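Scroll down for the structure; my scribbles are underneath it.
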Amino acid sequence: MNPNTIFIIVFTIFCSILIGAGLFSKRWVKESSDFVLAGREISTLINIVGVCAIGFAGTTVTLAPAFVLQYGLLGGLGWGVIYSICGLLLFGLLYSNFIRRSGAQTLPEYLEMRYDGKTRSVVAVTSVIGMCGIMANNVVSSVDNIAAFTGWSRPFITAVIFSVIIVFTFIAGIWATTITDLFQIIIGVIVVPTVLFLLAGRFGWMEAITANWGAGNFYSEGFVGQMPGLKLVYPSLLNFVICFAAALVWGNNYYWMKVANCRSEKVARMSFVLAALILLVVFMIPLTLIGGYMGAFYPDELTFNGGTILPTATYGFIARTFIPLFGAMVVISACAASISTASTSALGASAVANRDIYQRIINPKADAKKSLIMSKFIMLIVGIVTFVLCQFPGGPTYLFAFANCWLVPPAILLGLGAVWPRFNAKGAFVGAVCGMITMAVFTVLDLTKIFSIGGYVYLATLGLIVTLAAAVIASMFGTSRYYGQRDWERVPSANNRKVVILNDMDKKILELLRLGHCYMSDITDILGVDSKVSGESIEKLDQGGLLMRTSLSGSGFFTFQLTAKGQKELPPLQESEAELAKAQLSPLYLKLLRILADNPEHQAGFAAQNSIKSMHMSAISSHLTRQGYIRENGLFKRKLIITDKGRKVLERFA
């Protein structure tokens, strides 16, 4: 059978699985938070798979072999280590607790809570552009490999891949991508190492590559030359750190979402660390060696040696050297990787546009149903913008670099806001605007062939320098929030706080603190408001001495304690409720524990019977888990299991 016919059959089966997953998971989507965050129900294993699926992207499939061909093993493996370890692993270790406890659903939402609305708006724009660019890059990467295998028209392949991504993501949002991530990673884990072992069986291992490498020393030199280390121009190892660690991961909203959608900060942290290690061993190392085999045994096929195969299309070409059925599976694995990350990028962009623009500026009173409809409509708009970006000159390498430039300002503002209490809104806004304008101007000059800054300094590096310098300088002339003032003391006393007038929301927050809901995420999710609203109330209570932050930086900034003064503001409880409160329980929580003890099969109906939305339910589950009363099990949907401690507390309050 013709190889292209076999590919069509395999691709059709693959697309059917994608659409089927979307239709299956559609029943789990009832509001916009389900569409973009899966109600914070994602488990450790599924988030490992999700982060691996983003990492095993069309970008990785194209760039890892390409950098080896261009700059030797150090080029490809250096890129992989920087992305996996400096990007994913460090992000998980440094930011998981901070992001998950903050309660913000998007990175721009956090920036308004920390700085102001203007900063949120600016970063929302840069984030959408950046994520659309990453989505376009994955589409183009997939097209490169399919075209190398089939020889089909690139515009035709682009249209097909694009349609598949939009349709299946449109159906059920992050739940659809979560299910298909599992399927796609299973394919990748099997196919990528198998390709490496088959090539090793055909040609030999490292000694065969080094002996036949025609571009000097395989370890340090490729067909373009040696990978620069600290040069300001792209590519270099310095720019890889800025582009593929700081910008791509730390400043990217969809990695923020991959933390925010987890059941707990522990789940988020472990999933990022393990995913980084799996990605490096199972995908990065084999893909770099596949690039080595291409350069050692098929060098004349490459464009820079007079052939027709782009270095970014190596994976697709290698697939052509196997029997048609396995070759089709190899290309499908690359296609699956591209679709996975492109879908996540589309969700990240639509989440920002919906949460940070539509719900905040255009229609603040939109209910859950309207927000869900708008999320899907925005997804289509994102698709149109992305299709335009697919025409960006320079192919996947430079399209990816362009996309990541726009994510530099958010990365800078996130880092400064997390560790420097005195950093203020003026510094954040000026830094973001200066960085964005700088990159926008030089991008236009480059595209119009008027002037290219790339010959002097990589655009992302320039954006980082401009953003950081402008932010720090402007911050010196701005006013810090109260907790950044020199005379502010974290621990309240009789003399260092002011008198505040409480409203209903303030009192509700104090009631939640009395029950032990000490994280900002619990408070925001239970109240069902934007983090800006809950954040303003928290700041009032802090300045009034009614609560206390456990730290002024890091995750402790979003962890609170109810003070004695705050306790006095609450109405006294009846004796039975007071005893429950001491056990960090309410009558509603006790009711849930009884259901889990007596009729666990009825737990799914608890939220509906008590009109509890998905994010509220997440806060309840997280709280009871922290108290040791329940465990959260379940691969996809959360399944609550009562513990011995939970049974004992039921006996106590029987």
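The values are calculated or read from the model by the stated rules, or taken from the named source; none is laboratory data. On a predicted model such as this, the values are computed, not experimentally measured, just so you know. Neighbour counts run over all protein chains shown; Cβ positions are idealised from the backbone, glycine included.
Here are some notes:
- Set side by side, the residues T461, T443 differ, and just one is free of Cβ contacts under 8 Å to residues at least 60 places away in the same chain and in a helix (DSSP H, G or I), which is T443.
- V433 vs. criteria part of a helix (DSSP H, G or I), at pLDDT 90 or above, in contact with a Gly (Cβ under 7 Å, 6 or more places away or on another chain) and not aromatic (F, W, Y): no
- Every pair of residues 6+ apart whose Cβ atoms lie under 6 Å, when the first sits in the stretch 144-157 and is under 15 Å from A319 (Cβ atoms) while the second is basic (K, R) and assigned to a helix (DSSP H, G or I): A147/R154; F149/R320
- Every residue from the stretch 614-626 that is surrounded by 18 or more Cβ atoms within 10 Å (Cβ to Cβ) and either under 13 Å from N261 (Cα atoms) or out of contact with any strand residue (DSSP E or B) (no Cβ under 8 Å at 6 or more places or on another chain) (or both): S614, M615, H616, M617, S618, A619, I620, S622, H623
- Only residues that are buried (at least 24 other Cβ atoms within 10 Å of the Cβ) and either in a helix (DSSP H, G or I) or among the basic types (K, R) (or both) were counted across the stretch 72-91, and they come to 10.
- Those helices (runs of 4 or more DSSP H) lying entirely in the stretch 215-296 with at least 2 residues small (G, A, S) and under 28 Å from L464 (Cα atoms): 265-278
- Those residues of the stretch 475-516 which are of a type in the set (F, W, Y) and buried (at least 17 other Cβ atoms within 10 Å of the Cβ), in sequence order: Y483
- Among residues of the stretch 634-653 that are of a type in the set (S, T, N, Q), those with a Cβ under 7 angstrom from a residue that is surrounded by 13 or more Cβ atoms within 10 Å (Cβ to Cβ), sequence gap 6+ or separate chain, pair up as T643/G628; T643/Y629; T643/I630; T643/R631.
- Search result, residues across the stretch 382-402 that are buried (at least 22 other Cβ atoms within 10 Å of the Cβ), out of contact with any Phe, Trp or Tyr (no Cβ under 9 Å at 6 or more places or on another chain) and either under 18 Å from A351 (Cβ atoms) or at pLDDT 75 or above (or both): V382
- Among residues of the stretch 530-544 being under 26 Å from the mean Cα position of the chain (by Cα) and touching a residue at least 40 places away in the same chain (Cβ under 8 Å), the one that is nearest to P364 (Cα to Cα) is D530.
- Residue check, F35 modelled with pLDDT under 80, under 23 Å from R263 (Cβ atoms), crowded, with 24+ Cβ neighbours inside 10 Å and under 21 Å from the mean Cα position of the chain (by Cα): yes
Condition check ((1) surrounded by fewer than 24 Cβ atoms within 10 Å (Cβ to Cβ); (2) in contact with a strand residue (DSSP E or B) (Cβ under 7 Å, 6 or more places away or on another chain); (3) in the same structural domain as T341 (by TED's automatic domain parsing)) across all residues:
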| residue | (1), (2), (3) |
| --- | --- |
| R120 | no, no, no |
| V143 | no, no, yes |
| I146 | no, no, yes |
| S153 | yes, no, yes |
| A159 | yes, no, yes |
